[in-house]
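**Student:** Below: one structure in structure tokens.
The values are calculated or read from the model by the stated rules, or taken from the named source; none is laboratory data. From a predicted model like this one, the values you see are computed outputs, not experimental measurements. Note that we place each Cβ from the backbone using ideal geometry, even for glycine, and neighbour counts take in every protein chain shown. SASA here: full protein model, heavy atoms, side chains in, ligands and nucleic acids out. Shrake-Rupley method; radii C 1.70, N 1.55, O 1.52, S 1.80 Å.
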Amino acid sequence: MPSAPSAPPPEGSPAGPLGPGESAAVSSLPPLVHGSKLHTSLKVTARQIEWVFRARREHGDSFRLKTLIHDEPVTMVSHPDHVKSLMTAKPDLAPSVTGESPLRPIVGPNSTLTALGARHMRQRKLLLPSFHGDAVARYEAMIADAAEREVDGWSPGDEVLLASRMQAITLDVIMAGIFGIEGRPERGTPEHDLRRAIRIIADLSTRAIGQVGELLNAGRDEPVGVTKLAMARLDKPVYAVIAARRADPAAAAERTDVLSLLLRATTEEGELLSDRELRDELLTLVLAGHETTANQLAWTFERLVRTPEAWARLRAEPEGAYADATIYEGQRSRPVIPVVGRRVTVPWRFGEHTVPAGMVSLMSILLLHHRDDLYPDPFAFRPERFEDTKPGTYAWIPFGGGIRRCLGAALAMAEMRIVLATIARRCELRAADPAPERAKHRNVTMIPADSARVVVVSRD
């Protein structure tokens, strides 16, 4: 199959911070999308895909919207030049807004995700070696074993909820990498209770911690409602595992998992991390590395089984350039994280508009990934568009970018390559329903509403 024609680069659009003595070429704010805070917030959490594409059609590359989370309207942008200006800005000019998101009361203020400035960079440097190079290579055999075990349990005629089954695979990997817990722990141990709690939280959040939970928890330091009950269920075994590991420092000193690494780490003042600091960091890595990768795999298969030519070619070429292109296209067409944000601390130009200091600026990954000047026929699933072209740094951002780029990107890509190849090589699948699955938004993620339901036609 020939590669997709390349699109010409989009027309340049000036973007970036304005200096103290610099005046904007055009001082008007981006247009404001009509709607109350409640109406807009519900639309964005329940029907984000439809809402953002309509807003861009009506208002262009940058527009403002009201939300319940913020007192003032926020700006949403989707031009690659606008994205680049925010991603490459100095941290003090455009800090991340993850500390203001619904995730803050879940993962706490001490994690790499919610920390800012020097603290963020210290924790990032500490954790980075655990998710690159040799560390990732150590997990590849484990990923392959987990994928093979999963497929062994499928039979022709089975209806499989891929989102759930992919979570089972990624949970094995993340438990080993983060906690050093391999295989299935014995009942009654803190490790067994922790694994069980994570699975329960994943199922519960799918059903109960949805749009209402997101709105209730946004902007808080501690969780409320159903989220509070769920996190209490998870915190107990997390703290138990931390306590058990602290009680055996000699063993922890020889281990290479992230928990053991953090137990040996010290603050700038030379002090060991507190249990709460450890808890926040560990939960961030578990929740971010477990569900996002699993749902990205689920979305990729949801697209594949509804694109017969792409699925047939992947089955014929389960490894190599086309497989990588399929992963890139899955992340382009259905990014699990649909939006990321920064709060500009100085006036900022986005093309013909300027926003004031203090305004939250959201980068819509969905809109960026569906620009026809970057990706011809953007709503079609076409892996071949990436066969001869690597994704652009600021035109393809499923892992974010700049100093906030996802720490686990290399591990996630390795997991997706291995699991995708295993299933494509061993199974013929078809969609349980020919209609495309809608997206369901939960906290900051966009997941398949029906869990990427497929039917196993045949299996080797």
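**Student:** Scan region 237-251 and report the pairs whose first residue is touching a residue at least 60 places away in the same chain (Cβ under 8 Å) and whose second residue is open to solvent by less than 20 Å² (accessible area, probe 1.4 Å), with Cβ atoms within less than 9 Å and a gap of 6+ or a chain change.
**Tutor:** Sorted first by the residue in region 237-251, then by its partner, the pairs are 241/179; 241/181; 241/194; 241/259; 241/282.
**Student:** Shifting gears a bit: Applying the selection to region 191-243, what residues are open to solvent by less than 50 Å² (accessible area, probe 1.4 Å), small (Gly, Ala, Ser) and either assigned to a helix (DSSP H, G or I) or at pLDDT 80 or above (or both)?
**Tutor:** 197, 202, 205, 213, 225, 230, 240
**Student:** Turning to a different aspect of this structure: Among the residues of region 292-308, what is the count of those that are touching a Lys or Arg at 6+ places or on another chain (Cβ under 9 Å) and of a type in the set (D, E, K, R)?
**Tutor:** 2
**Student:** Here's another thing I want to ask about it. Restricting attention to region 268-278, and to residues there that are open to solvent by 10 Å² or more (accessible area, probe 1.4 Å) and within 28 Å of the chain's Cα centre (by Cα), which single residue is nearest to residue 231 (Cα to Cα)?
**Tutor:** 276
**Student:** Still on this structure: Among the residues of region 51-76, what is the count of those that are free of Cβ contacts under 8 Å to residues at least 12 places away in the same chain and in contact with a helix residue (DSSP H, G or I) (Cβ under 8 Å, 6 or more places away or on another chain)?
**Tutor:** 1
**Student:** Follow-up. Within region 316-366, take every residue that is touching a Lys or Arg at 6+ places or on another chain (Cβ under 7 Å) and of a type in the set (S, T, N, Q) and give me the one that is nearest to residue 60 (Cα to Cα).
**Tutor:** Across region 316-366, the extreme among qualifying residues is 361.
**Student:** Pull up region 251-269, narrow it to residues that are at pLDDT below 80 and assigned to a helix (DSSP H, G or I), then point me to the one that is nearest to residue 237 (Cα to Cα).
**Tutor:** Here the residue is 252.
**Student:** Within region 100-114, does at least one residue satisfy the condition of being open to solvent by less than 50 Å² (accessible area, probe 1.4 Å), of a type outside the set (D, E, K, R) and assigned to a strand (DSSP E or B)?
**Tutor:** no
**Student:** If you check 164, 130, 155, which single one turns out to be among the polar types (S, T, N, Q) and either in contact with a Pro (Cβ under 9 Å, 6 or more places away or on another chain) or open to solvent by 50 Å² or more (accessible area, probe 1.4 Å) (or both)?
**Tutor:** Among 164, 130, 155, only 155 is among the polar types (S, T, N, Q) and either in contact with a Pro (Cβ under 9 Å, 6 or more places away or on another chain) or open to solvent by 50 Å² or more (accessible area, probe 1.4 Å) (or both).
**Student:** Being out of contact with any strand residue (DSSP E or B) (no Cβ under 8 Å at 6 or more places or on another chain) and either open to solvent by 30 Å² or more (accessible area, probe 1.4 Å) or assigned to a helix (DSSP H, G or I) (or both) is the requirement here; does residue 85 meet it?
**Tutor:** Here the answer is no, as residue 85 does not meet what is asked.
**Student:** Do you know which residues across region 412-428 are part of a strand (DSSP E or B) and either basic (Lys, Arg) or under 16 Å from residue 323 (Cβ atoms) (or both)?
**Tutor:** 427
**Student:** Under 7 Å between Cβ atoms, at least 6 apart or on separate chains: pull out the pairs that start in region 305-324 with a residue that is in contact (Cβ under 8 Å) with a residue 60 or more places away in the chain and of a type in the set (Val, Ile, Thr) and end on any residue that is buried (at least 18 other Cβ atoms within 10 Å of the Cβ) and assigned to a helix (DSSP H, G or I).
**Tutor:** 305/311
**Student:** Answer yes if at least one residue in region 389-402 is part of a helix (DSSP H, G or I) and modelled with pLDDT under 95, and no otherwise.
**Tutor:** yes
**Student:** Okay, next question. Residues being small (Gly, Ala, Ser), in contact (Cβ under 8 Å) with a residue 12 or more places away in the chain and assigned to a loop (DSSP other than H, G, I, E, B): count how many of those fall in region 134-180.
**Tutor:** Total meeting the criteria: 3.
**Student:** Sticking with this one: Mind listing whichever residues of region 252-274 are touching a residue at least 24 places away in the same chain (Cβ under 8 Å) and of a type in the set (A, V, I, L, M)?
**Tutor:** 258, 259, 261, 262, 265
**Student:** Out of all the residues in region 413-443, which are within 17 Å of residue 333 (Cα to Cα), open to solvent by 10 Å² or more (accessible area, probe 1.4 Å) and of a type in the set (A, V, I, L, M, F, W, C)?
**Tutor:** Scanning region 413-443 gives 413, 435, 439.
**Student:** Restricting attention to region 336-357, does a residue exist that is small (Gly, Ala, Ser), under 14 Å from residue 79 (Cα atoms) and over 23 Å from the mean Cα position of the chain (by Cα)?
**Tutor:** yes
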